[in-house]
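Mind having a look at this structure? Questions to follow.
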Amino acid sequence: MILNYAALVILIIGLTLVFYTFIYIHDIPYAIAKKRNHPQSEAIHYACWLSLFTLHAIWPIVFIWALIDHKPIPVRITGGAGDGEDGLQGRIAALEARIRDLESGAAKGKN
């Protein structure tokens, strides 16, 4: 009789450990995102919980998402050294003239 109760206690403890391990594993991407100060850490957290309902089918995607480094890339368009508004307008005019020359050459080639 006592062995039946001991088996029941071991079964309950084992199932509880499996359940909490499952929850812990599914929350790893959120912990990584939070540690790295990821700008979308809350979305990653919700995606982790959503992965429970998909039986962890999307968990690898969420894990990769948490590992991606989201640093903004600075983008600056310059016309070159010392080019102001006039320099850009001159370059645009030169490109337009080149396009006209190419179009007229293509029209002559067809005739």
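Quick one: count up the residues across the range 57-88 that are surrounded by 10 or more Cβ atoms within 10 Å (Cβ to Cβ) and modelled with pLDDT under 85.
Qualifying residue count, the range 57-88: 5.
Right, another one. Exactly one of these conditions fails for Tyr5: (1) closer than 25 Å to Lys71 by Cα; (2) of a type outside the set (Gly, Ala, Ser); (3) exposed (fewer than 10 other Cβ atoms within 10 Å of the Cβ). Give me its number.
(1)
Starting from the range 53-64, take each residue that is without any contact (Cβ under 8 Å) to a residue 60 or more places away in the chain and list its partners that are β-branched (Val, Ile, Thr), counting only C-beta distances under 8 angstrom and pairs at least six apart or across chains.
Filtered contacts from the range 53-64: Val62/Ile44; Phe63/Ile28; Phe63/Ile32.
List, please: which pairs have Cβ atoms under 9 Å, are six or more places apart or on different chains, and start with a residue in the range 13-24 that is assigned by TED's automatic domain parsing to the domain that holds Thr54 and end with one that is of a type outside the set (Lys, Arg)?
Phe22/Leu52; Phe22/His56; Ile23/Leu52
Here is a further query. In the range 45-75, how many are part of a helix (DSSP H, G or I) and within 16 Å of Tyr24 (Cα to Cα)? Walk me through it before giving the result.
Of all residues in the range 45-75, those part of a helix (DSSP H, G or I) come to 45-53, 59-67.
Imposing the further condition that a residue be within 16 Å of Tyr24 (Cα to Cα) reduces the set to 45-53, 59-60, 62-63, 66.
Final tally of qualifying residues: 14.
Keeping to the range 92-111, report how many residues are of a type in the set (S, T, N, Q) and surrounded by 10 or more Cβ atoms within 10 Å (Cβ to Cβ). Outline the logic, then answer.
Step one: of the range 92-111, the residues of a type in the set (S, T, N, Q) are 104, 111.
In the following step, the residues that additionally are surrounded by 10 or more Cβ atoms within 10 Å (Cβ to Cβ) were identified as 104.
Residues in the range 92-111 being of a type in the set (S, T, N, Q) and surrounded by 10 or more Cβ atoms within 10 Å (Cβ to Cβ): 1 in total.
The values are calculated or read from the model by the stated rules, or taken from the named source; none is laboratory data. As the structure is a prediction and not an experimental result, all values here were calculated from the model. Every residue, glycine as well, gets a Cβ built from its backbone with ideal geometry; the counts of neighbours run over all protein chains shown.
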